[in-house]
Amino acid sequence: MRISLFITCYNDTLFPETGKAVVRVLERLGHQIEFPPDQTCCGQMHWNTGYLREAVPIIRHFVDLYRDADAVCIPSSSCVAMIREHYLKAAVQSQDSAFIADVESLLPRIFELSELLVKKLGVEDVGATFPHKVTYHASCHSLRSLHLGDIPIRLLRQVRGIDLIGLQHLDRCCGFGGTFAVKNADVSSAMLAEKIGDVLNTGAEVCTAVDNSCLMHLYGSLHRHASGIRTMHLAEILAAEADRGEEE
Amino acid sequence: MTAEVSRERLHPDFPAAAKNLLRDVQLRQNVRHATDVITAKREVVVDEMEDWQALRSAGSAIRQNVLDNLDSYLVQFEEACTRAGGQVHWAINAADAKRIAIDLLKAHSAEEVLKVKSMTTEEIGLNEALANTGIRVHETDLAELIIQLGNDKPSHIVVPALHKNRQQVRAIFQREMHLPDLGDKPEDLTAAARSYLREKFLRIPVAISGANFLVAETGSVCVVESEGNGRMCLTLPNTLITIAGIEKVIPRFRDLEVFLQTLPRSATGERMNPYNSVWTGTYPGDGPQEFHIILLDNGRSEILADPEAQQTLKCIRCGACQNVCPVYRQTGGHAYGSVYAGPIGAILTPQLEHSRQSASLPYASSLCGACYEVCPVQINIPEVLIHLRGQIVRREQATVGGKVGLWNIGMQVAASIFVSGDRLALAQHLGRVGQKPFIGKSGFIKHLPLVLGGWTQTRDLMPLPEQSFRQWWSQHEKASRPSVDISDGGRV
């Protein structure tokens with residue numbers, strides 16, 4: 001099918017490998033990807049920090065851009081949560097009936113990557129090979145907003161060679177929280193320290209998630225302490241193939 | 001009108017208070033241990049309930065109905081309570097409530113008064129006001145007694161002394177009760193408290209309580225507790241004065257069916273509270289012969305008038321949101337500078353008091369949503385937090401300092417970038433150039449200036465890669481679809 005990719009602003013800027021991996025997985029499964037080049041951000045940072053009025057033009061920009069998409073794939077559960085939980089409210093507050101109608105029509109076509117694969121496309125085995133010890137970190141939005149449950153785990157279980165190790169306290173926040181990480185840096189760091197302890201306890205080589213925001217946070221600490229553990233977005237594991245080796 | 005709330009006016013804002021408390025290793029251990037224990041107990045008794053989600057929905061619907069019809073339910077309560085021999089007093093704010101309570105106590109020439117645990121009286125600073133008029137207050141809830149004897153502040157709405165461990169409690173009792181040989185077993189401590197309190201229960205004829213629920217239909221008041229000290233307070237004295245927020249009313253007696261299931265399971269992980277006291281006015285020859293209830297507004301009407309934030313008032317004070325909160329878990333309750341700590345405090349306190357300190361509270365959350373998930377009346381706390389952040393930003397933007405502040409400028413610039421792909425591409429380019437001085441030998445960013453320094457104090461930041469995804473895509477698109485055949489209308 002024709003899938004529109006919304007890569008998200010921080011993946012575009014900081015994690016191009018994740019975007020490449022999404023394209024590789026979906027193209028391998030025979031889908032046609034389109035990338036609207038005028039795409040930017042979902043508005044989450046502004047909205048969640050309280051800049052609600054400033055978020056509205058960003059939200060409108062997104063809705064205008066994806067209005068006619070068959071399906072929008074977003075490799076970030078927090079951006080999907082932003083769209084599903086807050087776009088309608090923003091539209092209703094604007095009292096613009098066309099805007100409201102556009103949001104209502106678009107919402108059912110918005111998918112987080114793992115959701116798209118398992119729920120929309122009905123695929124669990126994407127033909128990946130990744131012979132490494134991996135632990136999965138469940139982001140708060142994936143758990144409590146998208147209710148992904150074990151969907152990402154089901155995808156990982158089908159990866160050839162993978163050694164999947166469970167993470168303790170899976171439902172506990174890593175302490176990122178967007179601007180929370182700088183506005184309340186000390187508490188955020190204390191939360192991170194607990195999460196890092198759980199990650200280290202797994203003995204995994206790689207910590208994965210459906211959100212690079214959490215992974216950027218986790219890796220910030222893992223790198224500072226030279227822990228020798230990598231973080232990789234789920235898409236990058238799903239894209240890995242035996243004959244291609246690993247993309248760095 | 002801004003409500004008067006008893007708090008330390010100069011309490012540091014949340015980030016500063018938290019920074020101090022994070023250094024208290026003992027406190028953090030106590031808080032983690034206590035919240036872990038309660039959360040695990042809660043999970044067991046919630047998971048065994050097949051209709052838990054239905055109970056949450058019912059609780060939410062009952063409380064929403066109360067908010068929609070609060071005026072009529074309160075009048076109904078007043079009539080029923082008065083009919084049953086109670087005396088109803090209305091207090092617009094904290095000063096009003098304290099004045100009414102003090103007048104009642106003076107009318108009884110009370111020099112001492114018993115108290116059963118009440119967060120509402122903490123909210124209005126009743127104990128200090130009574131002390132100032134020369135009336136000695138004796139807290140009778142074990143945890144409140146520990147707080148009072150330790151000259152401390154409650155850190156949790158259900159378990160106020162959750163930040164203290166047994167050894168610390170023993171030290172307080174040894175010192176204040178003059179028991180140098182007191183052991184630290186739970187039995188030792190409760191036995192000491194028991195004999196300390198028993199004497200007071202039998203001697204002092206006036207008591208002050210809070211309330212968990214007020215039943216409009218019958219005029220009854222309900223207090224639930226675990227120790228029985230509350231039952232003593234509610235039944236032994238001749239005069240009982242209850243102080244309750246106006247939102248505590250529920251329509252019918254049978255509505256207790258829902259809350260007496262959800263409240264104990266959410267609060268303490270018990271299937272039922274050991275003591276459930278319900279009384280209706282006065283009864284000749286049994287219990288207090290004089291009953292007063294002070295119905296306190298203190299800013300609640302204002303919260304009710306805000307359709308986005310009024311769900312705050314659905315709260316039944318179970319504290320489950322505090323126990324699961326990963327922020328509260330690190331700091332404990334004192335960081336919030338309010339009797340209402342944790343997620344519920346982060347939304348309630350700034351609505352009760354519009355201060356600079358309380359404006360830091362809605363930001364004391366990573367918006368992880370654990371609080372909403374456990375809330376027995378389905379308060380969408382993250383949604384209210386964002387709504388309050390929105391109000392705070394608007395207020396700040398109305399000041400010159402706020403307008404030219406780093407956060408506002410940064411957000412305005414970002415907002416102007418995020419409406420165009422070209423502008424984002426340009427910003428990415430500028431970022432790649434601008435970051436160069438900050439990249440260390442490791443190839444990572446270890447120090448950032450100004451507000452971003454919060455990130456790098458404990459976390460490295462990977463620099464922007466040479467190529468953004470959008471740049472890679474334009475190459476990929478060309479490579480995978482090299483030529484567009486015009487003969488078929490340009491379709492790929």
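The values are calculated or read from the model by the stated rules, or taken from the named source; none is laboratory data. What you are looking at is a predicted structure, and each value in this text was computed from that prediction instead of being measured. A quick note on method: Cβ atoms are made from the backbone with ideal geometry, for glycine too, and the neighbour counts reach across all protein chains shown.
Do we have B:S355 as of a type outside the set (D, E), within 14 Å of another protein chain (Cβ to nearest Cβ) and either free of Cβ contacts under 8 Å to residues at least 24 places away in the same chain or not in a helix (DSSP H, G or I) (or both) here?
For B:S355, the condition - of a type outside the set (D, E), within 14 Å of another protein chain (Cβ to nearest Cβ) and either free of Cβ contacts under 8 Å to residues at least 24 places away in the same chain or not in a helix (DSSP H, G or I) (or both) - is not met.
Scanning for something touching a Pro at 6+ places or on another chain (Cβ under 8 Å), assigned to a helix (DSSP H, G or I) and without any contact (Cβ under 8 Å) to a residue 60 or more places away in the chain, does the stretch B:393-412 turn up at least one residue?
Taking every residue of the stretch B:393-412 in turn, none turns out to be touching a Pro at 6+ places or on another chain (Cβ under 8 Å), assigned to a helix (DSSP H, G or I) and without any contact (Cβ under 8 Å) to a residue 60 or more places away in the chain.
Considering only the stretch A:45-71, how many residues are buried (at least 24 other Cβ atoms within 10 Å of the Cβ) and closer than 20 Å to A:L106 by Cβ?
6
Please name all residue pairs, on different chains or six or more residues apart, with Cβ atoms under 8 Å, provided the first residue is in the stretch B:83-94 and is touching a residue at least 24 places away in the same chain (Cβ under 8 Å) and at positive phi and the second residue is buried (at least 16 other Cβ atoms within 10 Å of the Cβ) and among the β-branched types (V, I, T).
Every condition considered, the pairs that remain are B:G85/B:T282.
Which one of these is at pLDDT below 95, out of contact with any Gly (no Cβ under 8 Å at 6 or more places or on another chain) and not aliphatic (A, V, I, L, M): A:E236, A:E246, A:E241?
That would be A:E246, the only listed residue that is at pLDDT below 95, out of contact with any Gly (no Cβ under 8 Å at 6 or more places or on another chain) and not aliphatic (A, V, I, L, M).
Taking only the stretch A:141-167 into account, find how many residues are within 18 Å of B:C371 (Cα to Cα) and either more than 14 Å from every other protein chain (Cβ to nearest Cβ) or among the charged types (D, E, K, R) (or both).
Here the count works out to 1.
Condition first: part of a loop (DSSP other than H, G, I, E, B) and polar (S, T, N, Q). Now tell me which residues in the stretch B:212-231 satisfy that.
If the condition is that a residue be part of a loop (DSSP other than H, G, I, E, B) and polar (S, T, N, Q), then B:N212, B:T218, B:S226 are the ones that fit.
Which one of these is within 30 Å of B:R83 (Cβ to Cβ), among the hydrophobic types (A, V, I, L, M, F, W, C) and out of contact with any Cys (no Cβ under 6 Å at 6 or more places or on another chain): B:A161, B:A216, B:A171?
B:A216
When the residues of the stretch A:11-26 are filtered to those that are of a type outside the set (A, V, I, L, M, F, W, C), surrounded by 24 or more Cβ atoms within 10 Å (Cβ to Cβ) and closer than 15 Å to B:M462 by Cβ, which remaining residue is farthest from the other protein chains (Cβ to nearest Cβ)?
The qualifying residue farthest from the other protein chains (Cβ to nearest Cβ) is A:T18.
Under 7 Å between Cβ atoms, at least 6 apart or on separate chains: pull out the pairs that start in the stretch B:304-325 with a residue that is over 10 Å from B:A267 (Cβ atoms) and end on any residue that is among the polar types (S, T, N, Q).
That search, which allows pairs on different chains as well, returns B:L304/B:Q310; B:A309/B:Q351; B:Q311/B:N380; B:T312/B:Q351; B:K314/B:S60; B:K314/B:Q64; B:V324/B:T39.
Among the residues of the stretch A:179-205, which ones are more than 17 Å from B:C325 (Cβ to Cβ) and of a type outside the set (D, E)?
Once the filter is applied, which keeps residues that are more than 17 Å from B:C325 (Cβ to Cβ) and of a type outside the set (D, E), the stretch A:179-205 yields A:T179, A:V182, A:A185, A:I196, A:G197, A:V199, A:L200, A:N201, A:T202, A:G203, A:A204.
Out of B:A101, B:A18, which single residue is crowded, with 18+ Cβ neighbours inside 10 Å, closer than 25 Å to B:Y340 by Cβ and touching an Asp or Glu at 6+ places or on another chain (Cβ under 7 Å)?
B:A18
Residues B:G453, B:G410: which one is modelled with pLDDT of 95 or more, of a type outside the set (S, T, N, Q), surrounded by 12 or more Cβ atoms within 10 Å (Cβ to Cβ) and closer than 24 Å to A:Q44 by Cα?
It is B:G410.
Hey, among the residues in the stretch A:168-182 that are free of Cβ contacts under 8 Å to residues at least 40 places away in the same chain and surrounded by fewer than 22 Cβ atoms within 10 Å (Cβ to Cβ), which one's nearest to A:F15 (Cα to Cα)?
Per the stated criteria, the residue is A:V182.
Can you tell me which of (1) more than 11 Å from A:A138 (Cα to Cα); (2) touching a strand residue (DSSP E or B) at 6+ places or on another chain (Cβ under 7 Å) is the one A:A190 doesn't meet?
Answer for A:A190: the failing condition is (2).
Would a scan of the stretch B:430-439 turn up a residue that is surrounded by 15 or more Cβ atoms within 10 Å (Cβ to Cβ), in contact (Cβ under 8 Å) with a residue 12 or more places away in the chain, assigned to a helix (DSSP H, G or I) and among the basic types (K, R)?
Checking the stretch B:430-439: at least one residue is surrounded by 15 or more Cβ atoms within 10 Å (Cβ to Cβ), in contact (Cβ under 8 Å) with a residue 12 or more places away in the chain, assigned to a helix (DSSP H, G or I) and among the basic types (K, R).
Identify, from the list B:I347, B:I293, B:I316, the residue that is part of a helix (DSSP H, G or I), among the hydrophobic types (A, V, I, L, M, F, W, C) and either touching a strand residue (DSSP E or B) at 6+ places or on another chain (Cβ under 8 Å) or more than 13 Å from every other protein chain (Cβ to nearest Cβ) (or both).
B:I347
Which of the residues spanning the stretch A:193-231 are among the aliphatic types (A, V, I, L, M) and away from every other protein chain (no Cβ under 13 Å)?
Across the stretch A:193-231, the qualifying residues are A:V199, A:L200, A:A204, A:V206, A:A209, A:V210, A:I229.
Identify, from the list B:R32, B:R42, B:R28, B:R23, the residue that is within 14 Å of another protein chain (Cβ to nearest Cβ), modelled with pLDDT of 95 or more and not in a helix (DSSP H, G or I).
The match here is B:R23.
Being crowded, with 24+ Cβ neighbours inside 10 Å and in the same structural domain as B:R265 (by TED's automatic domain parsing) is the requirement here; does B:L352 meet it?
no
Do you know which residues across the stretch B:365-407 are away from chain A (no Cβ under 12 Å), over 16 Å from the mean Cα position of the chain (by Cα) and either crowded, with 19+ Cβ neighbours inside 10 Å or of a type in the set (V, I, T) (or both)?
If the condition is that a residue be away from chain A (no Cβ under 12 Å), over 16 Å from the mean Cα position of the chain (by Cα) and either crowded, with 19+ Cβ neighbours inside 10 Å or of a type in the set (V, I, T) (or both), then B:T399, B:V400, B:V404 are the ones that fit.
So A:V80 ticks every box in (1) buried (at least 24 other Cβ atoms within 10 Å of the Cβ); (2) more than 28 Å from B:Q412 (Cβ to Cβ) but one. Which box is left unticked?
Result: A:V80 fails condition (2) only.
B:D184 - would you say it is surrounded by fewer than 16 Cβ atoms within 10 Å (Cβ to Cβ) and assigned by TED's automatic domain parsing to the domain that holds B:N127?
Judged against the criteria, B:D184 is a match.
Which ones in the stretch A:29-71 are within 7 Å of chain B (Cβ to nearest Cβ), under 18 Å from the mean Cα position of the chain (by Cα) and of a type in the set (V, I, T)?
Result: A:T40, single match.
Taking into account only those residues within the stretch B:428-452 that are closer than 24 Å to A:G178 by Cβ and among the aliphatic types (A, V, I, L, M), which is farthest from the other protein chains (Cβ to nearest Cβ)?
Checked the stretch B:428-452; the qualifying residue farthest from the other protein chains (Cβ to nearest Cβ) is B:I439.
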